Amino acid sequence: MSKISNLFKGGSKHKSKGNPSAQEAIHKLRETEEMLTKKQDYLEKKIEQEIAIAKKHGTKNKRAALQALKRKKRLEQQLTQIDGTLSTIEFQREALENSHTNTEVLKNMGYAAKAMKKIHENTDLGKIDDLMADITEQQDVAQEISDAISRPSGETFDEDELLAELEELEQEDLEESMMSMGGLPSVPSSKLPSSRSNERASKFLTTDRSYM
């Protein structure tokens, strides 16, 4: 463990002035991922070959079949190790990419803050208040002008008289429509029999039927 730490310490002293950038480190990690992925493909093909050899010999040549299965086991162990290494490298690359992104974001936010500060250096808040007051006053003047222009001028009419005239026109139109349909139904000239006359007639009929 001490040898490994000394190795990294020595390396850091040797390259203290030329540390790799985030982009360079990400690129190197991607290259390593590609290399290990190719190694994975190679090992998977070799495992398939060893399985085929074991099946070929089977019980006829157990020694050769067992040797093929042993090689397959070793290849599978290497494949498992590569899977773990790839997971570690992928995690490191994602963490480095996130750190790089956060650094760029903070840097750009710092630039934006400096730009805003420079813009507001020569800004007088008192002048802003005066300007807003002038704008409000001018808006009020513009509204008064608009109201004056849109206000009706000249002759004025009584709205009640206009409504009454409209009702008369509607009544005339209704009468004309009734006339075109044959006019109103005629009222009978003769008087209808009263209710008392009807009662007497019904009693007379009842009495006449009893005699029958």
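The values are calculated or read from the model by the stated rules, or taken from the named source; none is laboratory data. Source: prediction; values computed, not measured. Cβ atoms come from the backbone with ideal geometry, glycine included; neighbour counts cover every protein chain shown. What goes into the accessible areas is simple: the full protein's heavy atoms, side chains included, and nothing from ligands, DNA or RNA. Shrake-Rupley method; radii C 1.70, N 1.55, O 1.52, S 1.80 Å.
No other residue among N98, N61 is without any contact (Cβ under 8 Å) to a residue 12 or more places away in the chain and under 41 Å from the mean Cα position of the chain (by Cα) apart from N98.
Residue check: is A68 open to solvent by less than 80 Å² (accessible area, probe 1.4 Å), farther than 18 Å from K28 by Cα and without any contact (Cβ under 8 Å) to a residue 12 or more places away in the chain? So A68 does not fit the description; no. Where residues in segment 110-147 are among the polar types (S, T, N, Q) and not in a helix (DSSP H, G or I), which of them is nearest to the chain's Cα centre (by Cα)? Taking the candidates together, the pick is T123. The C-beta contact set for segment 11-30 (first residue at pLDDT below 90, second residue not aliphatic (A, V, I, L, M), distance under 6 angstrom, 6+ apart or interchain) comprises A22/H100.
Table: residues versus (1) in a helix (DSSP H, G or I); (2) open to solvent by less than 80 Å² (accessible area, probe 1.4 Å); (3) of a type outside the set (S, T, N, Q).
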residue	(1), (2), (3)
M35	yes, no, yes
K46	yes, yes, yes
A54	yes, yes, yes
K72	yes, yes, yes
I82	yes, yes, yes
E97	yes, yes, yes
T101	yes, yes, no
N108	yes, no, no
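Screening I51 against (1) modelled with pLDDT of 90 or more; (2) under 37 Å from the mean Cα position of the chain (by Cα) leaves a single unmet condition, (2). Each residue in segment 17-75 was checked for being among the β-branched types (V, I, T) and under 30 Å from E97 (Cα atoms), and 3 of them qualify.
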